[in-house]
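Where a number appears in this text, it was derived from the coordinates with a stated rule and is not lab data. Please read these numbers as outputs of a predicted model, since none were measured by experiment. Every residue, glycine as well, gets a Cβ built from its backbone with ideal geometry; the counts of neighbours run over all protein chains shown.
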Amino acid sequence: MATRWGLYGAGKISHDFSVAMKTLPPGDHQVLWIASRSWERAKEFAKRPGIPKAYGSCVELASNPYIGELRAVSGCTGPGKNVLCENPFAMNSCRRRYAGCRRRKAVGEHKLVKAYFGFPQLHIPHSVEKELGGGALLDIGVPQSIQSVVMVMKFSRNRMAFCAFSIAARLPNDAVISGTEGSIKVLGPIQSTLCLHEPGLPLSFTNSTGLRDEADEVRLCLLLKVSPRMPLADSVLLTEIMDEIRKQVGVAFSQDSK
């Protein structure tokens, strides 16, 4: 049976995601519902990729018997409430810390990872509005302020990670993994997936048809009942890391008191 999708939000990412879904077999994936805070905007959005049903709120979307509760991602972890959330799955952490996975590559033991990720998007409302989790921290990576950040993480055995993020400046958007036996350079743009499938409609962002891989991964997770690539423990760990960064630089969200 096909995985049936309902989208909440009629923005650029939702558009690209719906276009990417058209490159997948309809027997595996179907986008059937779209919801927005404005029913008129949802209805207009639905015309382009041919989505059958539009809703004017997430509450209406959640009333669909095939859709789980969508008021907040943190409330969607119960049975039958399957949610794909772009960016962090919560504004902050509310669970205990889990240990992450250790991985090795051909460069030997990892000693230093450097990553640069940034491009101008101060004109995009959700990138700068604090109540929406705006700023480089929750939008594209991990930051010091509402505009940019440099982060250094230290691990055991003298290992380090150096990351720079920005929503105000255009960075190289590449990465280097250095080890005891060599290094690997990941050429930019590291945020885009190489996808050979041509979109049926114009895209908002480069290589957005790569979102089809994200949809296929969700389908696999639903079949296996767990993510083999990104378990919940890793997601919780990431939110706790970002909470610590915000604590050190004095950035607080209203959601922290909830």
Shape call for the range 190-258, from the Cα gyration tensor axes a ≥ b ≥ c (a/c under 1.5 means rounded, otherwise prolate when a/b beats b/c, else oblate), comes out oblate
Residues meeting the amide H criterion for H29 (H placed from the backbone, H to H distance under 5 Å, 5 or more places apart or on another chain) are T3
For L224, the net charge from surrounding residues (Cβ-Cβ under 13 Å; K, R +1; D, E -1) works out to +1
